[in-house]
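The block underneath contains the structure these notes are about, expressed in structure tokens.
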Amino acid sequence: MSASSVQTVSSGKKSDGEPPSLSLSFIDDLNPSKDMWNLKCRIIRKWVQSFRMDLISLDDKGRKIQAGIKAPLIPVFISQLHEDEVVILSRFGVGENTDAYKVINHGYKINFYRCTVVTRANGWQGVDYGFNFIAHSHIVNGEGKDMLTCGMTVSDNLIYVLPPFQISIIYVAMFTILDVAGIVVWGEVVRCTLWNAYAQEFNDFLSQNSPNETVMAVIQHARIRKWQGQYTVQSDKFGSRLFLNQEIDEINELRRSLLVKQFEAGASSSQTIRSSQSVFPVRQEFLIETPKRHVDEIIEIDSVMSCVVVATIKIVQQNYGWFYPACRDCNKKVLTKIEYLQYAKTISDEVMNLSPTSLVCPKCDKECTSITIKFKVHLRVQDEIGSVSFVMFDKDVMKLIGSTANDIRERQVKVDDTETFPHEISRLVEKKLAFKIEVSDYNLNHDYHIYTIQKVCDDLDIIAELVVGNGNALEVADEMVGTDISKDVVSVMADSSVVEVEKDSATSPNSKRSLQDVEGQNVGELSSNNKRNRRKPSRLNT
């Protein structure tokens, strides 16, 4: 390391740009054998106590290490170090990690000195967070205790929140978790508990989202503890970090693998497994709590309600499109500024100053600079009485076809074929399903007969009971799949992400629109709902 290059940066000050002459080390290279080191890293966790500030740093190779800053130096460095920022740390020491409860299983720890320099760095080649997902079976069988440090497990765990949630008090959140393999073996349950600020964060997130939505959550640096003879997952006092429905490459990759495994599990009648949802709440919801209706009865409904319809998908209505561009923060459909001006009742100066082609999120009420692609598929379904149009949103489509909308769109862009309707969605035709649909105020007030799907169930037992009652359920299910399923029954249930688009321009009658070159891609033609009026039949006075 050049002495002159170090001297160009004052102690305790932060500079922009990577010093060209620094010789950088990786975390695996660090040891107490010398006094000064240089490390390029990404800060993935930061917390402050009265006597110390701590960091968890990640290098390009995905290795992590903890760093400590003593109380007198906190005012020097607290404003220079931020989560998710890439920095170069120079002139720091390395010592033994003797903390009573380690957050990272590393024998060494970084120690900040008054002469330590923090430099903002450009570019990052590694993973963003270095998640280390642990299989459900490792928790259930106690194999995670091999990672125990001073009586506590230090690990990263996938947590899939399944309704109903039980939050006993505002400072404690308790729920079940789903296996990393994508399925839960019947009878095996692992509990997770979040404490204090983590419970508050979790509760705030749930209160702002639909209770019908399944939440994809990752808790990083969780602890596995044995309680009443069973292993449970808990948040650490400070070191854990909670990610809720966030679009992160590492989480998206896991989500894709879960969908593939769940799809493969659903395609095999030899597995005696249940889906990610407990079958009893699903059975309760579809068979007991929600009234069943035939297709021709839906149009007669004159008050807001939900109902269950058993029908077969006969047509995927390709002219409506199959996706919409959504805000990554809230999943609301984004609009161009021109569309937003027609939609909004009040318009901020910030939005007024945007260019006409800028994208605006109507829920966040600001410019949207980062979008994601979500499914929105129009279906024509039919039962033995008649046919009707439904619209199915992201989570239901995703779990039924085993792919995400982002993956399909990226594939289309890569091969320069953005106009072809995805073959994965076309395979939905001739599927017989139980649909829980909503008859909304919009349907009633606008004489609008495209109904939103709230939840989909393809459990063969439940569909058979809905069709003929409890008597010959297996016989009907056998007829549906053309095989004997009395021994092996597979259940794959899809939840709806109830996207708040029914009342905006996405579901009100309008013409098709297009967005071009969003995030370097041609987003393509947005789906639209051209209203097809159908008069309600007149009621006869008797």
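The values are calculated or read from the model by the stated rules, or taken from the named source; none is laboratory data. Everything numeric here is computed off the predicted structure, so don't read it as measured data. For neighbour counting, all protein chains shown are included, and Cβ atoms are generated from backbone atoms with ideal geometry for every residue, glycine included. Just the protein is used for accessible areas: all its heavy atoms, side chains included, with ligands, DNA and RNA removed. Shrake-Rupley method; radii C 1.70, N 1.55, O 1.52, S 1.80 Å.
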Checked the range 291-347 for anything over 25 Å from HIS446 (Cα atoms), open to solvent by 20 Å² or more (accessible area, probe 1.4 Å) and in contact with a strand residue (DSSP E or B) (Cβ under 6 Å, 6 or more places away or on another chain); matches are THR312, LYS314, ARG328, LYS337
Among the residues of the range 97-129, count how many are among the polar types (S, T, N, Q) and within 30 Å of the chain's Cα centre (by Cα).
3
Quick check: is even one residue across the range 368-376 surrounded by 15 or more Cβ atoms within 10 Å (Cβ to Cβ) and assigned to a loop (DSSP other than H, G, I, E, B)?
yes
Kindly indicate which of VAL94, VAL127, VAL117, VAL86 is of a type outside the set (D, E, K, R), closer than 30 Å to ILE69 by Cβ, open to solvent by less than 10 Å² (accessible area, probe 1.4 Å) and at pLDDT 85 or above.
VAL117
Residues that are open to solvent by 10 Å² or more (accessible area, probe 1.4 Å) and either hydrophobic (A, V, I, L, M, F, W, C) or without any contact (Cβ under 8 Å) to a residue 24 or more places away in the chain (or both), drawn from the range 420-434
THR420, PHE421, HIS423, GLU424, VAL429
Taking the range 404-416 and keeping only residues that are part of a loop (DSSP other than H, G, I, E, B) and buried (at least 20 other Cβ atoms within 10 Å of the Cβ), one is left with THR404
Extreme residue, most open to solvent (accessible area, probe 1.4 Å), among residues of the range 447-484 that are more than 20 Å from LEU287 (Cα to Cα) and modelled with pLDDT under 85
GLU479
Can you tell me which residue among LEU400, LEU379 is closer than 20 Å to VAL309 by Cβ and open to solvent by 10 Å² or more (accessible area, probe 1.4 Å)?
LEU400
By my count, helices (runs of 4 or more DSSP H) wholly in the range 267-343 with at least 2 residues that are within 30 Å of VAL468 (Cβ to Cβ), modelled with pLDDT of 90 or more and charged (D, E, K, R) are 295-298
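Here's the yes/no breakdown for (1) in a loop (DSSP other than H, G, I, E, B); (2) open to solvent by 60 Å² or more (accessible area, probe 1.4 Å); (3) modelled with pLDDT of 95 or more; (4) on the phi < 0 side of the Ramachandran plot:
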{"residue": "PRO20", "(1), (2), (3), (4)": "yes, yes, no, yes"}
{"residue": "SER23", "(1), (2), (3), (4)": "yes, yes, no, yes"}
{"residue": "LYS34", "(1), (2), (3), (4)": "yes, yes, no, yes"}
{"residue": "LYS46", "(1), (2), (3), (4)": "no, no, yes, yes"}
{"residue": "SER50", "(1), (2), (3), (4)": "yes, yes, no, yes"}
{"residue": "MET53", "(1), (2), (3), (4)": "no, no, yes, yes"}
{"residue": "GLY62", "(1), (2), (3), (4)": "yes, no, no, no"}
{"residue": "ILE65", "(1), (2), (3), (4)": "no, no, yes, yes"}
{"residue": "ILE74", "(1), (2), (3), (4)": "no, no, yes, yes"}
Quick check: anything in the range 317-334 closer than 25 Å to HIS449 by Cα and among the aliphatic types (A, V, I, L, M)?
yes
Might you check whether a residue that is among the basic types (Lys, Arg), outside any strand (DSSP E or B) and within 30 Å of GLU430 (Cβ to Cβ) occurs anywhere in the range 347-364?
no
Starting from the range 106-119, take each residue that is without any contact (Cβ under 8 Å) to a residue 60 or more places away in the chain and list its partners that are aromatic (Phe, Trp, Tyr), counting only C-beta distances under 8 angstrom and pairs at least six apart or across chains.
ASN111/PHE92; PHE112/PHE77; PHE112/PHE92; TYR113/PHE92
